[in-house]
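Have a look at the structure below, then the notes.
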Amino acid sequence: VQLQASGGGLVQAGGSLRLSCAASGRTGSFYHMGWFRQAPGKERELVAAISWSDKSTYYADSVKGRFTISRDAATVYLQMNNLKPDDTAVYYCAADWNYSAVVLTTETAYEYWGQGTQVTVSS
């Protein structure tokens, strides 16, 4: 499985960006998808995740109400609104083939990773 992330960039505080992550390779429906981010000097953290059925989602407290994860076939999106300087980080998409109905919330649960895309929010 290959994941290709895109959509990062430089935006002013209060602005919006939409990240995309296109999956290719193994086909099928049982993909859990997640977006992680890593800021300089900090550990990588889960920002948002969606289960394979799209019925279960997770958002970090810091992004609730501002970020939305969604999926269209083999592409997962992260709509980021009202961006803050603290959102500045490299964002990574991740995927895992898993029949569980529960959204995956740990880094080690994801087998496949895309390259990062830089998001910079200026104040």
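The values are calculated or read from the model by the stated rules, or taken from the named source; none is laboratory data. No experiment lies behind these values; they were computed from the predicted model shown. Cβ placement follows ideal geometry from the backbone for every residue including glycine, while neighbour counts extend to all protein chains displayed. These area figures cover heavy atoms from the full protein model, side chains too; ligands, DNA and RNA do not enter into them. Shrake-Rupley method; radii C 1.70, N 1.55, O 1.52, S 1.80 Å.
Data table
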{"item": "Added length on full extension, which subtracts the Cα-Cα distance from 0.36 nm per residue, Glu43 to Lys55", "result": "1.5 nm"}
{"item": "Label-point separation, Asp86 to Ala109 (7 Å along Cα→Cβ), nm", "result": "2.4 nm"}
{"item": "In region 67-100, the chymotrypsin sites (Phe, Trp or Tyr not before Pro) that fall in loop regions by DSSP, at most 15 other Cβ within 10 Å", "result": "Tyr99"}
{"item": "Candidate lysines - alpha carbon under 20 Å from Lys84, same-chain residues fewer than 8 apart omitted", "result": "Lys42, Lys64"}
{"item": "Rg followed by Dmax, in Å, when the chain is reduced to its Cα trace", "result": "13.4, 42"}
{"item": "Exposure ranking of Trp35, Trp113 by accessible area [1.4 Å probe, largest first]", "result": "Trp113, Trp35"}
{"item": "Where labels lie 7 Å past Cα in the beta-carbon direction, separation of Leu10 and Thr120 in nm", "result": "0.5 nm"}
{"item": "Percent accessible area from carbon and sulfur atoms, region 18-86, protein chains only, probe 1.4 Å", "result": "45 percent"}
{"item": "Surface accessible to a 1.4 Å probe, per residue, for the residues of the chain, Å²", "result": "51 Å²"}
